[in-house]
Amino acid sequence: MIIVLIHTLPVSLNLPPSSTVETLYLDHHAWLRGWLHRRLDNSSEASDLAQDTFVNVISTGYAEDIREPRPFLATIARRLLAHRHRRHLLETAYLGALAALPEDAMPSPETRLMVLQALEEIDRALDGLPCAVRQAFLLAQLEGLNYEQIAAQLGVSTSSVKQYLTRANRQCLFTLTP
């Protein structure tokens, strides 16, 4: 599957030669899939994340520069696992909030899908920010907490909370604005 993908990607992505990616895939895919399977205890999810890891390598064009393939692939896979976990938490929280709504206030399936997609975009926008910044943003936006309440929960000053929220809002603005 990935070999076909390599040969069908546009040339404009500045991809490494397909033989480099193909060799990397053939030499390390089974190991990565096993590594992920041990962490997930789910064969199909492990296969999906292994494929996503190689797609990530292909799209970044770093395959030629990899000196230690297994640690490199494990790092990418760990990030994908963390992203998958955060996405699952967001979805679970949203579905829990929906379950608490009265039947007549329930949004349509289309609206629910749009909200979940928006939450995933915000999650991607916040990805890479320090944990405290993300947490402050989520407490403000999802819980409606003010600076003092967020500061108390995070154990920081209100001026730190203000800086965190400014940084998170700026990140969302730059990432989500077309």
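The values are calculated or read from the model by the stated rules, or taken from the named source; none is laboratory data. Predicted, not measured: the structure shown is a model, and the values here were computed from it. Reconstructed Cβ throughout: ideal geometry from the backbone, glycine too, with neighbour counts over all protein chains shown.
Can you pull out every residue in the range 142-178 that is under 13 Å from ALA132 (Cβ atoms) and part of a loop (DSSP other than H, G, I, E, B)? Listed by number, the residues that qualify are GLY155, VAL156, SER157. On the stretch given as the range 56-73, residues that are farther than 14 Å from THR23 by Cα and touching a residue at least 40 places away in the same chain (Cβ under 8 Å) total 2. Here the range 70-108 is the region considered, the condition is being polar (S, T, N, Q) and over 25 Å from TRP31 (Cβ atoms), and the residue that is modelled with the highest pLDDT is SER108.
Could you check the range 43-85 and list, in sequence order, the residues that are in a helix (DSSP H, G or I), of a type in the set (Ser, Thr, Tyr) and closer than 20 Å to GLY128 by Cβ? Result: THR53, SER59, THR60, THR75.
All conditions but one from (1) surrounded by 11 or more Cβ atoms within 10 Å (Cβ to Cβ); (2) out of contact with any Leu (no Cβ under 6 Å at 6 or more places or on another chain); (3) farther than 28 Å from GLN163 by Cβ; (4) of a type in the set (A, V, I, L, M) apply to LEU101; the one that does not is (1).
Here's the yes/no breakdown for (1) in contact (Cβ under 8 Å) with a residue 40 or more places away in the chain; (2) assigned by TED's automatic domain parsing to the domain that holds ARG167; (3) closer than 24 Å to GLY155 by Cβ:
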position	(1), (2), (3)
ALA99	no, no, no
MET114	no, yes, no
ALA118	no, yes, no
ARG134	no, yes, yes
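When the range 86-125 is filtered for residues that are small (Gly, Ala, Ser) and in a helix (DSSP H, G or I), the ones remaining, listed by number, are ALA93, GLY96, ALA97, ALA99, ALA105, ALA118, ALA125.
Look at (1) at pLDDT 95 or above; (2) of a type in the set (Phe, Trp, Tyr); (3) under 21 Å from ARG84 (Cα atoms) and you find that TYR147 fails only one, number (3).
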